[in-house]
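> The structure follows.
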Amino acid sequence: MGLRSWWRDFLRRRHESADRRRAARSAQAAPAAPPVPEFAPGYPLSDWEELAPYVPVDPAEHQVACVVAAAIAAGDYPQSTWRVKRVLVPNPEYRRVAALATAVGAGASEESSFVVKRVYKSKTLEETHHAS
C-alpha cells in the first residue's frame, strides 16, 4: 500500500467516524414528540371543547336588557349616558353540569364546598351515540 492509498483510507475512515458522531448527536438532540395536552389523565384536550359560562342574549331581547341595565346603572344620575357593549346570560347547560358535579362531589361530606372552574363537552358527534 502506497502513501496515497493509506492517506485516502485514513481520510475516508475519519469522515465516516465524523458522520457517525454527527448522526449520534442529532439523534440525541432531536426532541421527542411533544406531549399531547390533556385536561385529565387519559383525556386529550383535542377531543373536548370548553363550555362558556355565559352566552349572548337573543337579539330580540337585547334592547330590553340594555334599557333595564342602563336604568339600574344610572340610578340617581339621570343626566348620565351609558353604552352597553354586550349582554350575556348564564349558560343553562353549564349551570346544570356545575350543579350536578358539585352535588355528586359533596355527597360524601356535607361540610365540603366546591368551585367549578371549567366545564368541558365531548366533541364526539351525536349520531355515533344513537341506538340502532
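Every read-out reported here was derived from the displayed coordinates using simple, explicitly stated rules and does not represent laboratory data. Bear in mind that the values here come from a model prediction, so they are computed numbers and not experimental data. Cβ placement follows ideal geometry from the backbone for every residue including glycine, while neighbour counts extend to all protein chains displayed.
> If each residue's Cβ is checked for other Cβ atoms within 10 Å, how do Asp58, Asp76 rank with the fewest at the top?
Working: Asp58 10, Asp76 5.
Going from least to most buried by this count: Asp76, Asp58.
> Consider the candidate values (1) 22.7; (2) 14.5; (3) 20.1; state which one is Kirkwood radius over Cα pairs in Å computed from the structure displayed.
Only one option fits the structure, namely (1).
> Which of the peptides 45-55, 102-112 is most tightly packed, and how do the rest follow, judged by the mean count of other Cβ atoms within 10 Å per residue? Could the numbers behind the result be given before it?
On the way: 45-55: 13.1, 102-112: 9.6.
By packing density, highest mean first, the sequence is 45-55, 102-112.
> Taking 0.36 nm per residue of sequence separation and subtracting the Cα-Cα distance, how much length would be gained by fully extending the chain between Asp9 and Leu100, in nm to one decimal? Kindly include the intermediate steps, with their values, before the conclusion.
On the way: separation 91, 0.36 × 91 = 32.76 nm, distance 7.66 nm.
Extra length available between Asp9 and Leu100 comes to 25.1 nm.
> Based on the Cβ-Cβ distance from Ala23 to Asp47, what FRET efficiency comes out when R0 is 35 Å, to the nearest 0.05? Before the final figure, lay out each step's value.
Working: r = 37 Å, r/R0 = 1.06.
Working from the Cβ atoms, E equals 0.40.
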